[in-house]
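Have a look at the structure below, then the notes.
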Amino acid sequence: MAEIDYSKRSFSYYPTNAIVYATCIEGKWSKPVVTDNFNFSLHCFAGVFHYAPCCFEGLKAFRGVDGRVRLFRPDENAKRMESSAQYLDMPAPSMELFLDMCVSCVQANWEFLPPTDSCGSLYLRPVLFGINPQLGIHSSRDVMFAVMASGVGTYSGAKILVPGTAVLSRNYDRAATYGSGGYKLGANYAQSLHAYNLAHKMGYRELLFLDSATHTHIEEFGSSNFFAIKHGCYITPNSPSVLPSITNKSLRKVAEEFGLKVERRTIFVDELETFEEVNSCGTAVVITPISRIDDKVTLESGTITREYKYLDECGPISRKLYDRIIGIQKGMEEDTYGWCMFVNEPK
Ligand SMILES: Cc1ncc(COP(=O)(O)O)c(C=O)c1O
């Protein structure tokens with residue numbers, strides 16, 4: 001196979017060798033199957049096509065400097081999938097099955113693990129959805145759980161840590177106050193697609209959602225959490241309608257390690273002008289600096305744009321956090337917390 005240039009890849013689907021799947025029918029889980037058939041055959045009345053009983057996860061496998069392959073905190077993804085499935089009232093894979101299928105998926109796609117010195121990773125996408133035929137509106141009894149992979153480059157396709165611009169979402173909400181925003185449901189993303197398209201058409205890389213009740217405080221980006229640095233503090237929103245990001249959780253630990261004060265609290269829009277460094281963070285984006293946030297405010301006289309400007313490059317503290325996280329993921333730094341799970345090369 002010709003060598004892949006991961007610097008030319010973005011966060012997209014690129015073909016791999018195989019996927020792994022298992023089903024749970026009437027409460028009984030099947031053995032996982034590894035297959036090169038990427039097409040599922042599903043009943044057209046399967047719940048997922050109608051009422052969206054679907055949740056998913058995203059995690060990455062890295063080839064380390066020591067040649068060993070690591071999955072970053074897959075147990076956290078297993079737990080979050082379990083909580084999403086609970087919210088949907090449908091069966092979830094056990095921790096053991098989740099981890100086992102992630103490992104099998106990496107092993108089946110070993111040749112797509114990017115080299116350590118590239119900006120790439122093998123992104124795993126575990127997905128769980130309702131498959132039993134139904135018409136009434138109720139939770140799915142039977143589910144399929146699949147883990148697939150894609151060898152990805154950086155999120156935007158640009159070099160690492162290249163800043164992008166964002167706009168506040170004034171006309172669309174991602175999640176209701178007492179809604180499903182804290183779970184990783186497909187439906188949450190469907191909800192944000194149109195708003196995202198509009199933001200992209202206006203030339204913004206990111207869309208920053210506000211709390212749906214008052215539109216006065218920051219929630220998160222459509223595919224990542226928000227964090228800012230100010231006066232030696234790592235500040236990130238605390239809201240039940242924000243997805244509990246595993247990257248953000250890890251960065252908070254690392255921030256403490258670096259002597260930063262960590263604040264999880266309400267962040268009012270006005271506070272945006274006081275931040276020294278602003279970033280999005282998540283598995284796919286890792287840390288992506290934000291150079292400007294625009295707020296298009298509609299007044300009786302028309303729309304005005306209020307601009308919050310930040311550095312045109314990654315800020316020094318964010319860079320340190322980035323280096324530490326990537327260092328742990330790729331085995332360059334000591335994994336003090338035991339976050340990485342090793343995957344053995346298939347025989
Ligand atoms: C809406 C949203 N918030 C935050 C995140 C970041 O979460 P994590 O760090 O677990 O990938 C993601 C990506 O998974 C996301 O889609």
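The values are calculated or read from the model by the stated rules, or taken from the named source; none is laboratory data. Bear in mind that the values here come from a model prediction, so they are computed numbers and not experimental data. Please note: Cβ atoms are built from the backbone with ideal geometry, for glycine as well, and neighbour counts cover all protein chains shown. Remember, those area values only see protein heavy atoms, side chains included, never the ligands or the DNA or RNA. Shrake-Rupley method; radii C 1.70, N 1.55, O 1.52, S 1.80 Å.
Count of region 250-264 residues, restricted to those that are open to solvent by less than 60 Å² (accessible area, probe 1.4 Å), of a type outside the set (A, V, I, L, M, F, W, C) and either away from the ligand (no atom under 11 Å from the Cβ) or in contact with a strand residue (DSSP E or B) (Cβ under 7 Å, 6 or more places away or on another chain) (or both), is 2.
If the condition is being open to solvent by 20 Å² or more (accessible area, probe 1.4 Å), touching a residue at least 40 places away in the same chain (Cβ under 8 Å) and away from the ligand (no atom under 16 Å from the Cβ), then region 74-91 contributes 88, 89, 91. With respect to the stated conditions, residue 172 fails to be assigned to a loop (DSSP other than H, G, I, E, B) and under 22 Å from residue 76 (Cα atoms).
For region 137-156, a residue qualifies if it is open to solvent by less than 30 Å² (accessible area, probe 1.4 Å) and either more than 18 Å from residue 57 (Cα to Cα) or within 19 Å of the chain's Cα centre (by Cα) (or both), and the qualifying residues are 140, 142, 145, 146, 147, 149, 150, 151, 152, 153, 154.
In the condition set (1) assigned by TED's automatic domain parsing to the domain that holds residue 18; (2) within 30 Å of residue 297 (Cβ to Cβ); (3) aliphatic (A, V, I, L, M), residue 175 is compliant with all but (1). The set of residues from region 102-120 being of a type outside the set (A, V, I, L, M, F, W, C), assigned to a loop (DSSP other than H, G, I, E, B) and in contact with a strand residue (DSSP E or B) (Cβ under 8 Å, 6 or more places away or on another chain) comprises 109, 114, 115, 116, 120. Contact map, region 208-230: residues that are more than 17 Å from residue 290 (Cα to Cα) paired with residues that are in a loop (DSSP other than H, G, I, E, B) and of a type in the set (D, E, K, R), Cβ distance under 8 Å, separation 6+ or inter-chain. Pairs shown: 212/173; 212/174; 215/170; 217/211. With respect to the stated conditions, residue 62 fails to be open to solvent by 50 Å² or more (accessible area, probe 1.4 Å), among the hydrophobic types (A, V, I, L, M, F, W, C) and under 23 Å from residue 245 (Cβ atoms).
Annotation note: Cβ proximity below 9 Å between a residue of region 127-138 that is under 11 Å from residue 50 (Cα atoms) and a residue that is among the basic types (Lys, Arg) (sequence gap 6+ or interchain) occurs for 130/141; 134/141. Among the residues of region 44-51, none qualifies, meaning not one is within 16 Å of the ligand (Cβ to nearest atom), open to solvent by less than 40 Å² (accessible area, probe 1.4 Å) and small (Gly, Ala, Ser). Taken over region 139-153, residues that are more than 18 Å from residue 53 (Cβ to Cβ) and out of contact with any Lys or Arg (no Cβ under 8 Å at 6 or more places or on another chain) amount to 0.
Filtering region 267-304 to residues that are exposed (fewer than 13 other Cβ atoms within 10 Å of the Cβ) and either in a loop (DSSP other than H, G, I, E, B) or on the phi > 0 side of the Ramachandran plot (or both) leaves 300, 301, 302. On the given criteria, is residue 336 more than 19 Å from residue 251 (Cβ to Cβ) and open to solvent by 20 Å² or more (accessible area, probe 1.4 Å)? Criteria not met by residue 336.
Per-residue answers, yes or no, for (1) of a type in the set (S, T, N, Q); (2) under 24 Å from residue 55 (Cβ atoms); (3) surrounded by fewer than 17 Cβ atoms within 10 Å (Cβ to Cβ):
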{"position": "177", "(1), (2), (3)": "yes, yes, yes"}
{"position": "185", "(1), (2), (3)": "no, yes, no"}
{"position": "240", "(1), (2), (3)": "no, yes, yes"}
{"position": "243", "(1), (2), (3)": "no, yes, no"}
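Determine whether region 272-283 contains at least one residue that is in contact with a Gly (Cβ under 7 Å, 6 or more places away or on another chain) and closer than 24 Å to residue 202 by Cα. Yes; the residues of region 272-283 include at least one that is in contact with a Gly (Cβ under 7 Å, 6 or more places away or on another chain) and closer than 24 Å to residue 202 by Cα.
Here's the yes/no breakdown for (1) assigned by TED's automatic domain parsing to the domain that holds residue 188; (2) more than 16 Å from the ligand (Cβ to nearest atom); (3) out of contact with any helix residue (DSSP H, G or I) (no Cβ under 6 Å at 6 or more places or on another chain); (4) within 16 Å of residue 160 (Cα to Cα):
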{"residue": "244", "(1), (2), (3), (4)": "yes, no, yes, no"}
{"residue": "248", "(1), (2), (3), (4)": "yes, no, yes, no"}
{"residue": "266", "(1), (2), (3), (4)": "yes, yes, yes, no"}
{"residue": "275", "(1), (2), (3), (4)": "yes, yes, yes, no"}
{"residue": "308", "(1), (2), (3), (4)": "yes, yes, no, no"}
{"residue": "314", "(1), (2), (3), (4)": "yes, yes, yes, yes"}
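Between 136, 186, the distinction of being more than 30 Å from residue 305 (Cβ to Cβ) and in the same structural domain as residue 237 (by TED's automatic domain parsing) belongs to 186 only.
Screening residue 222 on (1) surrounded by fewer than 23 Cβ atoms within 10 Å (Cβ to Cβ); (2) more than 11 Å from the ligand (Cβ to nearest atom) shows it passes everything except condition (2).
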